[in-house]
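Written below as structure tokens is the structure these notes are about.
Every number here is computed from the coordinates shown, using simple stated rules; none is lab data. Small disclaimer: the values here were computed from a predicted structure and weren't measured. Cβ placement follows ideal geometry from the backbone for every residue including glycine, while neighbour counts extend to all protein chains displayed.
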Amino acid sequence: MKRQNCPTLLIACSLIATVAMPPTAVCGADWMDPTGIDGSLVIAGGGKLPDSITQKFIELGGGDKAKLVIVPTAGTDADDPDKHDSILEPWRDLKVESVTLLHTRDRATADSDEFLEPLSAATAVWFTGGSQTRIAEAYVGTKFEQALNTVLERGGVVGGSSAGAAIQSRLMIASGNPVPELKQGFDLLPGAVIDQHFLKRNRQPRLIKALSENAGHFGIGIDEGTAVIVRGRSIQTLGESTATIMLAAGAERPLREFVLKSGGRADLTALRRAARDRTDRTFPPAEVKPVEVVSGSLMIIGGGGMTPLMVRTFINLAGGPDATIAILPVSSAQAQRSGDGMKRFLMSHGARNVTVLPQEKREEVESDDFLDVLVNAGGLWFGGGRQWRFMDAYEGTRAESLMHDVLKRGGVIGGSSAGASIQSEYMVRGNPLGNTDMMAAGYERGLGFLPGAAVDQHFTQRRRHADLHSVIARFPQLLGIGIDETTAIVVRGHTAEVMGHHDVYFIDHQPSLFHDGKDLYPTRVGAGGVFDLLLRRTVRPAMPPLPDDKPRRRKQRSN
């Protein structure tokens, strides 16, 4: 299973399904599977649902081959066998392979294999409206819940409207407004609190209250006639109204909410990470570490090509042609292909011991084969693409620690484009849905090889000056570094030497001997120049490039 549950709460709640949740319960460790959920969810906000939502649910369940199970336990009509046909009739009209009604109020029955038999073959399960507490009292913590998760694990869909929506989050709003009564539901959408009839019944206050008292969760308020479709890590709105995403105030960040109209998208993993980061974290810290590399070296390239001097310098800093160099290309959607291309490029310039590490799953990144390469590496290369993929793959792993060890033993870490931004403590452009969000909630942390800094790339070529200025205006404790294409800085100690054919911009908002810090203070340094990262000033002016130092381009996807 992909979802991480809180074992203590699961044990306690298996004893009594309606136990009230503690006000500050946060489940699980920091790590979460970035791929999201198994199967699909259709979470509808109640009211009359448009045909598009029902059709989407059936499509996800297999279309005309769907084996549908209807669970009407939230309603009182479920207790009257004479009304079962009327409950099933609209679903039978959809011409699917089979439609079965499943209902009990007895938890012992919900644990029986005979009762659960329809779920063993189901491709789609739908919970009707009514009272979500009735569903929880009957099924949460029983074998029914396990069987429901199994439907998702084999690629099926679980859906529901009104009460059938609220039951899908572990922290469940049972009733009450503005003060919610919280109970335990199914953990189908991890890290979430779901509310329904959201705008129609003015339920914003109770969702805010639920989030403010339960750190580490994000909220989804779904209006009537509307559904949220969740597949993997993708969240998309469908229907006639809107869904509202909420992040509670915390860690010196205000309440944040944004509205998704039909077709609007959000990223489940980013929301979970953003909610996690609002618990007891303050990032970036008010006082950052000095911007320096205590040992080893960094080569940070702004995208585009590399000059011969850059390539020679990187190989030499790694320990020479025989040094072990590891290429980490997971930021690319075609990691193996991208890594192989960079391997050929480095070997064409004399490197003889180059290994590509395209693995991104946690068990692969934690494997002995992967870690052994890092232990022996004199150089690491982070490729281009989308930098958030680096964090999904490496954050919190033993591999991340071993990457820092490369510097401790005097090696070099290099990268271009996304592989540049990932090296700084603060990571810009981390939104998985696009690269224009400079301060993307949930993806603001880089791997931190260069502390106290935020690095942007393709700087002048894509007119990104104002973008980076906005970050430093928000976080003046950071040093902003904007690097042009075919241009690099080599950081050793607290100096950054510029290489290439364009410029690097250092954006400072800290008072120093040379300015008062009241205004953003950009310093432009050309190739051959050296900038002191602690003094925040140029210590050597730009110099003419060497005659043979022209760019050698490798075409790669860039952020």
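Report, as a whole number in µm² per second, the diffusion coefficient that Stokes-Einstein gives for the chain at 10 °C and 1.306 mPa s using the Kirkwood radius over alpha carbon pairs.
This corresponds to a translational diffusion coefficient of 62 µm²/s.
Over the chain, what is the relative contact order in percent, taking alpha-carbon pairs closer than 8 angstrom and at least six residues apart?
12 percent
If you average the alpha carbon positions of the stretch 375-412 and of the stretch 432-488, how far apart do those two centres end up, in angstrom?
Taking the Cα centre of the stretch 432-488 as reference, the centre of the stretch 375-412 is 19 Å away.
For the chain, give the magnitude of the charge dipole about the Cα centre (Cβ charges: +1 Lys/Arg, -1 Asp/Glu; no others), in debye to the nearest 20.
1720 debye
Only bridges whose two residues both fall in the chain count here: according to DSSP, what percent of them are antiparallel, nearest 5?
Roughly 55 percent of the DSSP beta bridges within the chain come out antiparallel.
Run through the DSSP bridge list for the stretch 157-227 and note the antiparallel percent, rounded to the nearest 5.
Around 45 percent of the beta bridges assigned by DSSP in the stretch 157-227 are antiparallel ones.
From Cα coordinates alone, what are the radius of gyration and Dmax values for the stretch 41-277 in angstrom?
16.9, 56
Fewest first, what order do 370, 382 take by the number of other Cβ atoms within 10 Å?
Ascending number of Cβ neighbours within 10 Å: 370, 382.
Have a look at the stretch 245-340 and give its Rg and Dmax from the Cα atoms, expressed in angstrom.
So, for the stretch 245-340, Rg and Dmax equal 20.5, 56 Å respectively.
Using +1 on the beta carbon of Lys and Arg, -1 on that of Asp and Glu, and nothing else charged, what's the dipole of the stretch 115-181 about the Cα centre, debye to 20?
60 debye
Hey, how many Å between the Cα centroid of the stretch 93-117 and the Cα centroid of the stretch 222-299?
Going from one Cα centre to the other spans 37 Å.
Taking 32 Å as the cut-off for C-alpha to C-alpha distance, list the pairs among 200/361; 83/261; 65/183; 209/361; 65/143; 83/143 that go past it.
Beyond 32 Å: 200/361; 83/261; 65/183; 209/361.
Could you sort the peptides 144-157, 37-50 by per-residue average Cβ neighbour count (10 Å cutoff), highest mean leading?
Highest to lowest by the protection proxy: 37-50, 144-157.
Helix 308-318 against the longest principal axis of the chain: what's the angle in degrees, Cα atoms only, rounded to the nearest 10?
Helix 308-318 sits roughly 70 degrees off the main axis of the chain.
What angle, in degrees between 0 and 90 and rounded to the nearest 10, separates the Cα long axis of helix 465-474 from the longest principal axis of the Cα atoms of the chain?
70 degrees
Check cross-link reach from residue 289 to the aspartates and glutamates: straight Cα distance under 13 Å, and skip same-chain residues fewer than eight apart.
Straight-line reach from residue 289, under 13 Å: 425.
Please list, by residue number, every one of the trypsin sites (Lys or Arg not before Pro) in the stretch 429-495 that is coil in DSSP and has at most 13 other beta-carbon atoms within 10 Å.
Listed in order of number, the matching sites are 463.
Cut-off is 10 Å between beta-carbons; in what order do 52, 416, 162, 421 appear when sorted fewest neighbours first?
Ranking 52, 416, 162, 421 by Cβ neighbours within 10 Å, fewest first, gives 52, 162, 416, 421.
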